[in-house]
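Right, one structure below, let's go through it.
The values are calculated or read from the model by the stated rules, or taken from the named source; none is laboratory data. Worth saying up front: this structure is predicted, and the values here are computed from it rather than measured. Heads up, the Cβs are rebuilt from the backbone with ideal geometry, glycines too, and the neighbour counts pull from every protein chain shown.
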Amino acid sequence: MRVFTLPAICLLAATLAFPQAKPGAKAKSKGEAQAVQAMLQAQDPDARIKAADDLVTKYHDSDFKSLAYYVEADGYQQKGDNGKAIVFGEQAVAADPQNIDALVLLANVIATTTRDTDLDKDEKLTRADKYAKDALEAIKTVAKPNAKMPDDQWDQYKKNDEAQAWQALGVAALVRKNVDEAMADYQKGIDANPDPLLMIRAGRALLTAGKPADAVAWFDKAINAPGVSDQLKNIATQDKARATAQIKK
């Protein structure tokens, strides 16, 4: 059987803008190669979901199955359908237990949708913790999706997922009302990747803990973070105003 390699596509999938393909993944036919390319080039969640579903439906033994399930999970998360995001995220992990993107997605979706009043709160948070910790372990040993990917780019990719895993652990700790543990987790995430969103979460955790002055410091860090988006800057500015008002009381 002729094997159609996809160096350009796999390299694209390994950039920060796209999820990871399984290391060594190869298309076994021209049609499969085209299906993978269609999935990666789709421009919106609905198109990506359809293209990913077409891929796994037509090519049952595809090396890109885990990637396709993750693409579906991510698409459903963007559409606000967290139930389906979890279903497809779990299929992605079943196909490749070291799919760090899927592990991180599952950890964050479950943690952020769990409420203190949920009867199954402990079970959900335990699942979120496990997915996050599995991601942190996988990050230590997971191979590059493509050998041609520069080391610094791969390191940054892993650091981003590491930060997201710590974020999920921090969110779960907050649901348990353990602010100190949440702050420690957020700090580890920020150490891995100085994400303004994590800084905002840290500030909000401190605000919840009745420490508005400390919260302001984190909101300032988010506002002044290199490359921060206007949206996150506006959120941090509003949160800072709220914290500052509490200091003045």
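Set side by side, the residues Ala35, Ala27 differ, and just one is on the phi < 0 side of the Ramachandran plot, crowded, with 16+ Cβ neighbours inside 10 Å, at pLDDT 90 or above and assigned by TED's automatic domain parsing to the domain that holds Gly89, which is Ala35. Taking the stated definitions as given, is Asp46 within 27 Å of Val142 (Cα to Cα), among the charged types (D, E, K, R) and touching a residue at least 24 places away in the same chain (Cβ under 8 Å)? Judged against the criteria, Asp46 is not a match.
Scoring Lys177 on the criteria (1) surrounded by fewer than 16 Cβ atoms within 10 Å (Cβ to Cβ); (2) without any contact (Cβ under 8 Å) to a residue 12 or more places away in the chain; (3) of a type in the set (D, E, K, R) leaves a single failure, condition (2). In the range 75-116, the residue that is farthest from Gln43 (Cα to Cα) out of those that are of a type in the set (Asp, Glu) and assigned to a helix (DSSP H, G or I) is Glu90.
Only one of these conditions is not met by Ala205: (1) in a helix (DSSP H, G or I); (2) surrounded by fewer than 22 Cβ atoms within 10 Å (Cβ to Cβ); (3) not assigned by TED's automatic domain parsing to the domain that holds Phe64. Which number is it? Result: Ala205 passes all but (2).
Yes/no per residue for (1) at pLDDT 95 or above; (2) outside the structural domain of Gly24 (by TED's automatic domain parsing); (3) farther than 30 Å from Lys65 by Cα:
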{"residue": "Lys124", "(1), (2), (3)": "yes, no, no"}
{"residue": "Thr141", "(1), (2), (3)": "no, no, no"}
{"residue": "Lys144", "(1), (2), (3)": "no, no, no"}
{"residue": "Pro150", "(1), (2), (3)": "no, no, no"}
{"residue": "Gln153", "(1), (2), (3)": "no, no, no"}
{"residue": "Gln156", "(1), (2), (3)": "no, no, no"}
{"residue": "Asp161", "(1), (2), (3)": "no, no, no"}
{"residue": "Ala165", "(1), (2), (3)": "yes, no, no"}
{"residue": "Lys177", "(1), (2), (3)": "no, no, yes"}
